[in-house]
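Below is one structure, written out as structure tokens; the observations come after it.
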Amino acid sequence: DRRFVHEYAMLVKHRFSILSPEDRQTWLEWADTGMERFTTEEFDDEDSDLKERRRNWWRFRKLVWVQEHLDSERRIFIDQMIETGADREYAFFNSLSKMSRVHDESPINDGEMSSLPFKDAVERIAQWKPEGARFHGPSVQGLASTFGSYVAANVESFSRGAQELIDRPAPFVRAFIGRMTQAIKDNKRIDVLAVLKLCEWVVSRPVDEKTRPDDGEERGENDWRWTLETISEFIEAICKADDNGSPRYKLIAFRDQIGSILTLLTRAPSASIKSKAKEESDPRISDYLSFAINSTRGKATEAALEFAAWIANQIKEDKTVPGGMHSLAEVKSMLAWQIDPANRSIEAFSIIASRLGLLYWIDKDWVRENIDSIFDLKALEQNRDEAWGWAAWNTFLVWVRPHIELFNLLRSQFNYAVEQVSSVNPAANAREQPFYRLGEHLMVLYARGNITLESDNRLLQRFLSAGDVQIRSHAIAFVGRSLRGDDSVPPNIVERFMKLWDWYWAAIGRKDVQEHKKLETFATWFACGIFPTEWALRQLDQITRIVAIPEPDDGIMEQLAKIAKSNLPLATAILDRMIRADTFGQIYQWEEAAKSILAIAVEAAGTVQDMAVQLIDELGRRGYLKFGALLKP
């Protein structure tokens, strides 16, 4: 599909390495032979040379995406195509304007680079200077890309020469460390200590240092900012690497060096908290984690917490970490610096909150002591820029699973957030809306019996009664969606939710449905099929008397067909309401389920049969003639 050429090309470029060797080979064979279709009648009018050029261009486009993974024969093919005028950058797009510089254009081709010893290659790329206008011709980024491919071809050996990159420009250092990160993920044995020495030198440099004074690259390319992010990814890869379930890299060899790097790395400049807070109309409704994981400070904090997990898993005894944070002194110090009011940032607080479960496992007491500093929600009342607590809270709600022990630690925050429900205007996207997720947390805790309708000063009742109707309807509908397909729900949970529905319908639900016809509420409960049939039909009957076609309607009809025999008069009446209310052709989606119900109903006696016959007549008048086959002569 030509609409997705660029997206697919980038996916293949960055993730080809995760394929198995067999799948890589299959993909490369497709690239080599895929243009055989140019021998078909579609191209019979073309001469053989033109057909050959088409085949070569098609193959070139695919192979360029994975050039760092190619054998020498395919690399030679790419070099030959480039010599005849083929352009790497065009391989990633359907069309491309070259009014500005193409970053992937390199002054040294892959073949020339591969012939150089590592030290000579580093010297040559470091000395190269662009010529002519800034936006035309080869670029530093193009050269860095070629250098990265060169390093990838012999990554184990070249890792030992990491010191050659000291005092070299940032784009080349970043390309080198990036290849080392991928090598670890590919289970290749590199000289990690040598690369860490290079990382130590980088983190000692001023972040904004311009590493190529002659070049006008944008911020991040030419200074150390993006390279620091690459170092964070390298450390994270070290900490995650394992051999048959055991850490590949041991504490005694690497802990001190990584700890000293992270101490500086986690103090990298934060993006402007003020600009981020003011970007959002309301800091209380934003999920900040995507911002955090794409920032320098956020990536460093993420690496620090992966470092904490790496240490904890190697010193744990009987699933506990002896000494807690006292045994992870360097991590404790890094976190203390981030939590200090002078250094707080949205990025760090979001990342810390996303790993709250890890920190709680390592040291419950440390979490208990710092929980209110990390999740300070009330600070926003005095200063709009004080959004750190909400950054942590929203990340926790969206990305951390509900747990009673975490709820107990955050009771005051849950209560405060419920108080805020009446003053927020939620975004439309439920997947990224923290107040929707607040409802989900409460529903899960309620299902487990951790909270009741009356406990915590009626916390759940207050949440469902207050504020935007969309927030509470999402929470109600979430119950049905989360239970669907689960046949092992314990009876006590079913009973608990029936009690909740009865309270909700009497207190708020009926009014909600009357005033907001498109709300999702009981439809998901009915569709999940775990509630007692008679009870579920009675609730659906009440709703369809107000809104004849509750949403989502397809799930209702599917379940109604399954249980119709248990109370055929009520099931037929509900079906009758839904069909007669349809003005948009939804009947086409219900056809099989409706036939199933009506086939039983026409065999019944009395009013049920009469209702079924009349409904089939109504369907026929609307053009749904297939239902007529249910009637006997």
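The values are calculated or read from the model by the stated rules, or taken from the named source; none is laboratory data. Keep in mind the model is a prediction, meaning the values are calculated, not measured. Glycine gets a Cβ as well: all are built from the backbone with ideal geometry, and neighbour counts include every protein chain shown. What goes into the accessible areas is simple: the full protein's heavy atoms, side chains included, and nothing from ligands, DNA or RNA. Shrake-Rupley method; radii C 1.70, N 1.55, O 1.52, S 1.80 Å.
In the assembled protein chains, residue 333 presents an accessible area of approximately 60 Å² (probe radius 1.4 Å). Each label point was placed 7 Å from the Cα along the Cα-to-Cβ direction; for residue 399 and residue 326 their separation is 3.1 nm. Rolling a 1.4 Å probe over the protein heavy atoms leaves residue 547 with an accessible area of roughly 20 Å².
In this structure, the amide hydrogen of residue 551, modeled 1.01 Å from its nitrogen in the peptide plane, lies closer than 5 angstrom to those of 521, counting only residues at least 5 positions away or on a different chain.
Taking label positions 7 Å along the Cα-Cβ direction at both residue 484 and residue 50, the computed distance is 5.3 nm, reported to one decimal. For GluC sites (Glu not before Pro), the sites in the stretch 430-513 that DSSP calls loop and that have at most 14 other Cβ atoms within 10 Å are 454. To the nearest ten degrees, helix 140-152 and the longest principal axis of the Cα atoms of the chain are 90 degrees apart.
Please label the shape of the chain as rounded, prolate or oblate, based on the square roots a ≥ b ≥ c of the eigenvalues of the alpha-carbon gyration tensor (a/c under 1.5 means rounded; beyond that, a/b larger than b/c means prolate, else oblate). Because a/c hits 1.5 or more and a/b fails to exceed b/c, the chain counts as oblate. Relative to the longest principal axis of the Cα atoms of the chain, the long axis of helix 455-465 makes an angle of roughly 80 degrees. Applying 1/(1 + (r/R0)^6) with r as the Cβ-Cβ distance of residue 566 and residue 517 and R0 = 25 angstrom yields a FRET efficiency of 0.35.
Peptide packing for 58-68, 292-302 was compared via the average number of neighbouring C-beta atoms within 10 Å per residue; ordered from the highest value, the list is 292-302, 58-68. Once the Cα-Cα distance is subtracted from the 0.36 nm per residue extended length, the residue 373 to residue 127 segment shows a gain of 83.6 nm. Shown here for the stretch 575-632: trypsin sites (Lys or Arg not before Pro) in loop regions (DSSP other than H, G, I, E, B) with at most 14 other Cβ atoms within 10 Å, namely 622.
Normalised by the number of residues in the stretch 396-552, the mean separation of alpha-carbon contacts (under 8 Å, six or more apart) gives a relative contact order of 21 percent. Residue 186 to residue 23: FRET efficiency via 1/(1 + (r/R0)^6), r the Cβ-Cβ distance, R0 22 Å, to the nearest 0.05? E(calc), rounded to 0.05, equals 0.95. With the helix formula -39500 (n - 2.57) applied to DSSP H stretches of n ≥ 4, the chain reaches a computed 222 nm mean residue ellipticity of -18500 deg cm²/dmol. Estimated from the Cβ-Cβ distance and a Förster radius of 41 angstrom, the FRET efficiency linking residue 337 and residue 72 is about 0.25.
Of the cross-linked pairs 197/250; 332/378; 188/299; 185/240; 13/210; 119/240, those separated by over 20 Å at the C-alpha level are 332/378; 188/299; 13/210; 119/240. Angle check, please: helix 192-203 long axis (alpha carbons) against the longest principal axis of the chain (alpha carbons), in degrees 0 to 90, nearest 10. Taking Cα atoms only, the helix is inclined about 90 degrees. Model label points for residue 208 and residue 250, set 7 angstrom from Cα along the Cα-to-Cβ axis, are 4.5 nm apart.
For the listed peptides 600-606, 159-165, a ranking on the average number of other beta carbons within 10 Å per residue, highest first, reads 159-165, 600-606.
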